[in-house]
Amino acid sequence: MKILFAASEVSPIVKIGGLGDVAGALPKALEKLGVDVDVIVPFYPVIDRHKFKIIKQLSIDVPFDGHTWEVGVYKTKLPGSQVDVLLLNEPRFLAGGGVNAFSSLKDEIERFTFFSRAVVEYVKAQFNIYDVVHCNDWHTGMITHILEEEIGEERPATLFTIHNISYQGEWGMDLVQELGLSISEHRILEWDLEDGNVNLMLEGIASSDMVNTVSPTYAKEVKFSDVGGGMSEILRGKGKRFVGILNGIDYEYYNPQIDPFLRLNYNTRTYKEGKKQNKIELQKELGLKIKNVPVVSIISRLDGKQKGLDILCEALPEMLKLEMQFVLLGKGDKKYEESFYKLAHLRKYHGKVSINLGFDEALSHRIYAASDIFLMPSRFEPCGLSQLISMKYGTLPVAHGVGGLKDTVKDDSTGFIFNVFSGNGLLRAVTKAYKLCGSKKWQEMVTKAMKKDYSWARSAEDYLDVYKKAIDYKEEVPVLENIGFKD
Ligand code: ADP
């Protein structure tokens, strides 16, 4: 089976958040199952072409907005594998991006509709050899339509994965005109355009042969609650074509035993000494007091809608009365960047609080390794990778019991779950963890958490199964009435 995995980022070549981790790890796990996967992403200027030995393969012509644009197709291997990564280079539409999370601005929407158009031209240039095109999030939402338009019934099957339904990529009619699609040929598109807007997430969901999201609980939540961002009815209507598959993490990359970013590597046996040394190193690095106290940390996009930063800010003044240190690594909403920055500069928190505003991969590993407690107070969380990483590093997560957090953190066993989404709810859970920290029960919980297996091997088998279903279902006519569609 030959798969083309289309995404906006792929770690370690370019990473903005969890999607990059998935795109960097799932193809490798699929390769181990004998699946032939290529990954395709935009060639952002921030990508280090020398470090990743990127070389030009060919050029393709991409029609867009009434013109033809020459796109360079570059190639490298996904580090640690034989998976080909294709990078599409074009100076007008693909010249920016790759630094901040994509926020659905006009130029980003244009960038990714252009990218989607270019992906299809690449499929054509490869003589349509792919069995499935695996699309990810709104950035790739138009791919199925364009494949249909360009290749017709012979098109590859499509799987659309929702990593986060709260970003949907909405824009006006002009977008469709730029793509040059004949609207009347695409009934879903015509229906979507009735309100004058095109919603790329909706397009991806409605038109793809199979759809999945990244944890079983989030799959239920998006079907039956307002977490669904207005897509609940459509998702319910997809019936057996919509499933939840839990993400994994790459233990070759996130593993305290072999992690090159750490001062001292450790495993379940040597965990105590490992934590101690890494903590001292981190305290030195961040200007914290060198002291044997619990370190509580958070590494996150500072996304006010999702990541529970409001309840964190509510809980922090009380939390900081405990004898502990607090470390934050994150970047995003200016409002939160400013309030955390102010907090760090309060005299009373000198040596106790470290706020690091930016994206720093190496530092993130050292924080996972040095901390005792990791905070994940997300209002909603499609899967969440940070709690999986922290468990592997023996850092027990305190998490809100939603989405993938509920599926992966077992309360009082591998971490702490709170169900009331409030500053108090979070504070109570942190206090409970704090009191247990260092006890015999704590050691047992840490060992359990470190031994949990959330590797990609299991999820990759589920994806393989879904690819096969996508191929089968492509032949069946989708029941559009179920998704609120009226002919
Ligand atoms: P999301 O995909 O919503 O951003 P996840 O928990 O799924 O959240 O994945 C977040 C990933 O991004 C983790 O690998 C985490 O360590 C990393 N990350 C988030 N913010 C930063 C940052 N500021 N610096 C370094 N890594 C970060």
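The values are calculated or read from the model by the stated rules, or taken from the named source; none is laboratory data. What you are looking at is a predicted structure, and each value in this text was computed from that prediction instead of being measured. Every residue, glycine among them, receives a Cβ derived from its backbone with ideal geometry; neighbour counts consider all protein chains shown.
Residue-wise test of (1) modelled with pLDDT of 95 or more; (2) touching a strand residue (DSSP E or B) at 6+ places or on another chain (Cβ under 9 Å).
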position: Gly244; (1), (2): yes, yes
position: Gln257; (1), (2): yes, no
position: Arg263; (1), (2): no, no
position: Gly274; (1), (2): yes, no
position: Gly287; (1), (2): yes, yes
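Condition first: in contact (Cβ under 8 Å) with a residue 12 or more places away in the chain and out of contact with any Phe, Trp or Tyr (no Cβ under 7 Å at 6 or more places or on another chain). Now tell me which residues in the range 422-442 satisfy that. Walk me through it before giving the result.
Keep residues of the range 422-442 that are in contact (Cβ under 8 Å) with a residue 12 or more places away in the chain, which gives 422-427, 429-434, 437-438, 442.
Hits for the range 422-442 are Ser422, Gly423, Asn424, Leu427, Val430, Thr431, Tyr434, Cys437, Gly438, Trp442.
In the range 97-114 there is at least one residue matching the filter, namely being touching a strand residue (DSSP E or B) at 6+ places or on another chain (Cβ under 6 Å), in contact (Cβ under 8 Å) with a residue 40 or more places away in the chain, of a type outside the set (Val, Ile, Thr) and part of a helix (DSSP H, G or I). Note on the range 141-181: among residues that are in contact (Cβ under 8 Å) with a residue 60 or more places away in the chain and assigned to a helix (DSSP H, G or I), the one that is nearest to the ligand (Cβ to nearest atom) is Ile143.
Condition test on Phe64, is it in contact with a Phe, Trp or Tyr (Cβ under 6 Å, 6 or more places away or on another chain) and hydrophobic (A, V, I, L, M, F, W, C)? It would help to see each step written out before you state the result.
Numbers: in contact with a Phe, Trp or Tyr (Cβ under 6 Å, 6 or more places away or on another chain): yes; hydrophobic (A, V, I, L, M, F, W, C): yes.
Spelling it out, Phe64 is indeed in contact with a Phe, Trp or Tyr (Cβ under 6 Å, 6 or more places away or on another chain) and hydrophobic (A, V, I, L, M, F, W, C).
Within the range 140-170, the set of residues being under 19 Å from the mean Cα position of the chain (by Cα), within 20 Å of Phe114 (Cα to Cα) and at pLDDT below 95 comprises Tyr167, Gln168, Gly169.
Applying the condition of being in contact with a Pro (Cβ under 7 Å, 6 or more places away or on another chain) and crowded, with 21+ Cβ neighbours inside 10 Å to the range 62-86 and asking which residue is farthest from Val46 (Cα to Cα) yields Val83. Considering only the range 278-305, state which residues are in contact with a Lys or Arg (Cβ under 6 Å, 6 or more places away or on another chain) and charged (D, E, K, R). Within the range 278-305, Glu281 is the sole residue that qualifies.
Which residues, taken from the range 365-414, are at positive phi and within 13 Å of the ligand (Cβ to nearest atom)?
As a first pass, look at the range 365-414 and keep what is at positive phi: 384, 394, 403, 412.
Within the range 365-414, Gly384, Gly403 qualify.
Residues in the range 11-61 that are surrounded by fewer than 19 Cβ atoms within 10 Å (Cβ to Cβ), among the small types (Gly, Ala, Ser) and farther than 19 Å from Phe112 by Cα: Gly34 only.
Would you confirm, using the coordinates I've provided, whether Phe93 is assigned to a strand (DSSP E or B) and either surrounded by fewer than 21 Cβ atoms within 10 Å (Cβ to Cβ) or out of contact with any Leu (no Cβ under 8 Å at 6 or more places or on another chain) (or both)? No, not satisfied.
All told, Ser208 falls short of being at pLDDT 95 or above, among the polar types (S, T, N, Q), buried (at least 21 other Cβ atoms within 10 Å of the Cβ) and in contact with a Pro (Cβ under 8 Å, 6 or more places away or on another chain).
Would you mind finding the one in Phe242, Phe261 that is surrounded by fewer than 22 Cβ atoms within 10 Å (Cβ to Cβ) and under 30 Å from Tyr467 (Cβ atoms)? Spell out how you get there, then give the answer.
Values: Phe261 fails: under 30 Å from Tyr467 (Cβ atoms).
Step by step, each of Phe242, Phe261 is checked, and only Phe242 is surrounded by fewer than 22 Cβ atoms within 10 Å (Cβ to Cβ) and under 30 Å from Tyr467 (Cβ atoms).
Would you pick out the residues in the range 343-364 that are away from the ligand (no atom under 16 Å from the Cβ) and among the hydrophobic types (A, V, I, L, M, F, W, C)? Passing the criteria: Leu343, Leu346, Val353. In summary, Val132 fulfils each of the numbered conditions (1) over 28 Å from Glu381 (Cβ atoms); (2) crowded, with 24+ Cβ neighbours inside 10 Å with the single exception of condition (1).
All of (1) in contact with a Phe, Trp or Tyr (Cβ under 9 Å, 6 or more places away or on another chain); (2) within 16 Å of the ligand (Cβ to nearest atom); (3) in contact (Cβ under 8 Å) with a residue 60 or more places away in the chain hold for Ser459 with one exception: (1).
The residues listed here are Gly403, Gly304, Gly308, Gly332; of these, the one that is at pLDDT below 95, surrounded by 18 or more Cβ atoms within 10 Å (Cβ to Cβ) and under 18 Å from the mean Cα position of the chain (by Cα) is Gly332. Restricted to helices (runs of 4 or more DSSP H) entirely inside the range 194-311, those with at least 2 residues that are among the β-branched types (Val, Ile, Thr), away from the ligand (no atom under 14 Å from the Cβ) and touching a residue at least 40 places away in the same chain (Cβ under 8 Å) are 216-224.
Please verify whether the range 117-132 includes one or more residues that are among the small types (Gly, Ala, Ser) and under 30 Å from Gly304 (Cβ atoms).
Going residue by residue through the range 117-132, those that are among the small types (Gly, Ala, Ser) are 118, 125.
Then drop every residue that is not under 30 Å from Gly304 (Cβ atoms), which leaves none.
No, because not a single residue in the range 117-132 is among the small types (Gly, Ala, Ser) and under 30 Å from Gly304 (Cβ atoms).
Of the residues making up the range 344-375, those that are within 23 Å of Asn255 (Cα to Cα) and among the hydrophobic types (A, V, I, L, M, F, W, C) are Phe359, Ala362, Leu363, Ile367, Ala369, Ala370, Ile373, Phe374, Leu375. Restricting the first member to the range 363-374 and to residues that are polar (S, T, N, Q), and the second to residues that are within 8 Å of the ligand (Cβ to nearest atom), the beta-carbon pairs closer than 7 Å and six or more apart or on different chains are Ser364/Ile299; Ser364/Leu329.
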